[in-house]
Amino acid sequence: MAHSRQEMAEMMSFTGALLINIGTLDSQWLPRMIYAIEQANVHQKVVVLDNVDCRASTLRTETSRQIPSLAKHII
C-alpha cells in the first residue's frame, strides 16, 4: 500500500509479499511498480501479479509480460 519510493524499501523489509495490481496503471505508476519489485527481490519476497484486464490495452499487456521477467519469485 505504499506509493512512495521512500516507504517501499522499508516496508518490503517486513512484509510477507508484494502485490502488484495493474488496475490503475499509468506511466507514473509503472516505474514505482518496477522499483517495488526490485525491493521485493532484494528482500527475497514473493511478487503477486494481479493483471486486471491485461489484454484491454497495449500498456497493460506489455506490463503484464514485463513484470514476471523482473521478479525473482512470482505468483
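A quick yes/no check of all residues on (1) outside any helix (DSSP H, G or I); (2) surrounded by fewer than 16 Cβ atoms within 10 Å (Cβ to Cβ):
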residue: 14; (1), (2): yes, yes
residue: 20; (1), (2): yes, no
residue: 31; (1), (2): no, yes
residue: 39; (1), (2): no, no
Legend entry - Unmet criterion (only one of (1) more than 20 Å from residue 73 (Cβ to Cβ); (2) more than 10 Å from the chain's Cα centre (by Cα)) for residue 31: (2)
Inset, instruction - Please go through the stretch 41-67 and pick out each residue that is within 24 Å of residue 7 (Cα to Cα) and surrounded by fewer than 13 Cβ atoms within 10 Å (Cβ to Cβ). - result: 42, 44, 50
Inset, instruction - Evaluate the following for residue 75: is it open to solvent by 90 Å² or more (accessible area, probe 1.4 Å) and among the β-branched types (Val, Ile, Thr)? - result: yes
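The values are calculated or read from the model by the stated rules, or taken from the named source; none is laboratory data. Not measured: the values here are computed from a predicted model. Every residue, glycine among them, receives a Cβ derived from its backbone with ideal geometry; neighbour counts consider all protein chains shown. Areas reflect the complete protein model, heavy atoms only, side chains present, ligands, DNA and RNA absent. Shrake-Rupley method; radii C 1.70, N 1.55, O 1.52, S 1.80 Å.
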